[in-house]
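Engineer: Starting off with a structure, shown below.
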Amino acid sequence: MAKIFISFIICLIFQQEFTATAKIVNANKPYSYEILENDLSAINKKYKEKVKVKSIGTSHFGRDIWAIKLGKGKKNIVLIGSHHGREWMTSLMLMKMLESYAATYNERNFFGFKSNQILNDVSIWFVPMLNPDGVTIQQKDLSRFPSAHQRLLYMMNDGSNHFERWKANGMGIDLNRQYPAGWKSLNETPSSPWYQFYKGEKPLEAKEVIYLTNFIKEINPTIAVAYHTAGREIYWNYKNGKNIKRDQHIAKKISKLTGYKLALPERNATGGGFTDWFITMYHRPALTIEISYLVGETNPPLSIFKNEWKRNSKVGLKLAAEAKKFHE
């Protein structure tokens with residue numbers, strides 16, 4: 001009982017420290033592309049000695065896909081948010097994680113260690129919003145698209161003005177069904193651009209996915225994570241082969257840290273997702289982390305963010321620590 005109490009106090013102190021030092025990123029309104037860019041500008045200005053910001057490319061409608069490096073390590077891990085438009089809470093999560101880690105870079109905030117003892121060996125790359133067009137559509141800001149395309153968006157949304165269900169990119173392609181790992185086995189329905197599930201005419205068709213896969217090849221990460229909503233579950237297995245025990249060991253640690261359920265390996269799992277591609281391409285661990293309880297075809301409410309942040313605040317540093325001792 002005493003051990004549980006001590007663990008609770010340590011966790012509470014950790015959360016208070018992060019809350020006290022992270023003041024730029026706020027969870028008081030839907031997290032838009034414009035808010036992300038403003039927050040990123042402020043973080044870059046305040047922590048310019050600690051972060052490196054770059055655009056890895058642009059969306060179909062010209063919005064930058066930002067990547068931010070924190071740390072000096074030669075090894076890398078990567079954390080990706082908002083493959084899907086309605087999952088912008090994952091962008092908020094990663095931006096808060098970035099600011100919190102930058103703010104406490106030299107302090108004892110991670111199991112008694114200074115975070116720079118990890119980040120001097122392993123850098124964390126954040127790609128907080130892979131699908132800025134989809135996020136903008138989901139938040140019903142259609143005025144930011146050409147008028148002719150606005151009509152197409154309504155058609156792809158089955159004529160409905162309920163865009164809160166939008167998952168796809170600006171061209172009606174589901175980005176997490178675009179990767180060349182089991183792509184052919186994915187369901188052919190829908191057969192044309194749609195608000196969700198359309199896999200495209202071929203893998204690596206969407207600009208956002210092309211830029212991300214090129215970026216992954218550039219940084220060569222040891223561990224990769226794609227954040228999604230919802231279900232409070234962690235997926236880690238897709239044709240892991242001889243590495244299945246190694247990868248499950250890491251997934252179990254993140255499951256324990258977050259309190260999220262660890263998904264059981266599926267015998268006939270379909271692919272097409274980012275982590276499917278990363279595992280089969282690089283033969284290294286990759287996790288799909290689903291935050292929030294199930295909410296249906298919409299975004300999770302902001303009221304749950306505080307709880308999800310508590311569950312996930314240590315994930316980036318924990319995975320960086322795992323990557324530090326990783327041997328292939």
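Engineer: Can you list the HN-Hα couplings for region 237-252, worked out from phi with the Karplus curve (6.51, -1.76, 1.60; θ = phi - 60°), rounded to whole Hz and with x for Gly and Pro?
Structural biologist: 10, 7, 6, 6, x, 5, 8, 5, 5, 4, 6, 5, 4, 5, 4, 4
Engineer: Compute the separation of the alpha-carbon centres of region 46-64 and region 215-277 and state it in Å as a whole number.
Structural biologist: Result: 26 Å between the Cα centres.
Engineer: Moving to a separate point now. Quick check for you: with a 1.4 Å probe and neighbouring chains kept, what is the accessible area per residue of the chain, in Å²?
Structural biologist: 45 Å²
Engineer: Where in region 117-150 is the amide nitrogen less than 14 Å from a point lying 7 Å along the Cα-to-Cβ axis of VAL295?
Structural biologist: Under 14 Å, as judged by backbone N against the label point of VAL295, lie 135, 138-140 of region 117-150.
Engineer: Right, next: Whole Å is fine, so just give me how far the alpha carbon centre of region 290-316 lies from that of region 168-206.
Structural biologist: The two parts, judged by their Cα centres, are 25 Å apart.
Engineer: Right, another one. With a ≥ b ≥ c taken as the square roots of the eigenvalues of the C-alpha gyration tensor of region 179-236, please select rounded if a/c is under 1.5 and otherwise prolate if a/b is larger than b/c or oblate if it is not?
Structural biologist: oblate
Engineer: Could you tell me the accessible area of MET97 in Å² (1.4 Å probe, neighbours in place), rounded to the nearest ten?
Structural biologist: Approximately 0 Å² for this residue.
Engineer: Another question, then. Between SER191 and LYS140, what length comes free when the chain is fully extended (0.36 nm per residue of separation minus the Cα-Cα distance, one decimal in nm)?
Structural biologist: Residue separation times 0.36 nm, minus the Cα-Cα distance, leaves 15.9 nm.
Engineer: Over region 196-302, what is the mean sequence separation of C-alpha contacts under 8 Å (at least six apart), divided by residue count, expressed as relative contact order in percent?
Structural biologist: 40 percent
Engineer: Let me ask you something else. What's the extension gain from ASN220 to ASN120 if we count 0.36 nm per residue and subtract their Cα-Cα distance?
Structural biologist: 34.3 nm
Engineer: My understanding is that a pair violates if its Cα-Cα distance is over 29 Å; which of LYS45/LYS202; LYS96/LYS167; LYS50/LYS325; LYS75/LYS245; LYS46/LYS140 do that in this structure?
Structural biologist: Violating the 29 Å limit, Cα to Cα: LYS45/LYS202; LYS46/LYS140.
Engineer: Expressed as a whole percentage, what fraction of the accessible surface of region 195-328 belongs to carbon and sulfur atoms when a 1.4 Å probe is rolled over the protein heavy atoms?
Structural biologist: For region 195-328, the apolar C and S fraction of the accessible surface comes to 50 percent.
Engineer: Return the sequence-ordered ³J(HN,Hα) values of region 62-74 in whole Hz as given by the Karplus equation 6.51 cos²θ - 1.76 cosθ + 1.60 applied to θ = phi - 60°, using x for Gly and Pro.
Structural biologist: Each residue's phi maps through the Karplus curve to give x, 7, 5, 9, 8, 10, 10, 9, 10, x, 10, x, 7 Hz.
Engineer: If you don't mind, there's one more thing I want to ask. I need to check one value: relative contact order of the chain, counting alpha carbon pairs closer than 8 Å and at least 6 residues apart, in percent.
Structural biologist: Once normalised by length, the contact order is 20 percent.
Engineer: Leaving ligands and nucleic acids out of the surface, order LEU294, LEU302 by accessible area at 1.4 Å, largest first.
Structural biologist: LEU294, LEU302
Engineer: For region 309-318, in order, what is each residue's ³J(HN,Hα) by Karplus, 6.51 cos²θ - 1.76 cosθ + 1.60 with θ = phi - 60°, in whole Hz (x at glycine and Pro)?
Structural biologist: 5, 4, 5, 10, 4, 9, 4, x, 5, 4
The values are calculated or read from the model by the stated rules, or taken from the named source; none is laboratory data. Since the model is a prediction, treat every value here as computed from it, not as a measurement. Virtual Cβ from ideal backbone geometry, glycine too; neighbours counted across all protein chains shown. These accessible areas exclude ligands, DNA and RNA; they are computed on the full protein's heavy atoms, side chains included. Shrake-Rupley method; radii C 1.70, N 1.55, O 1.52, S 1.80 Å.
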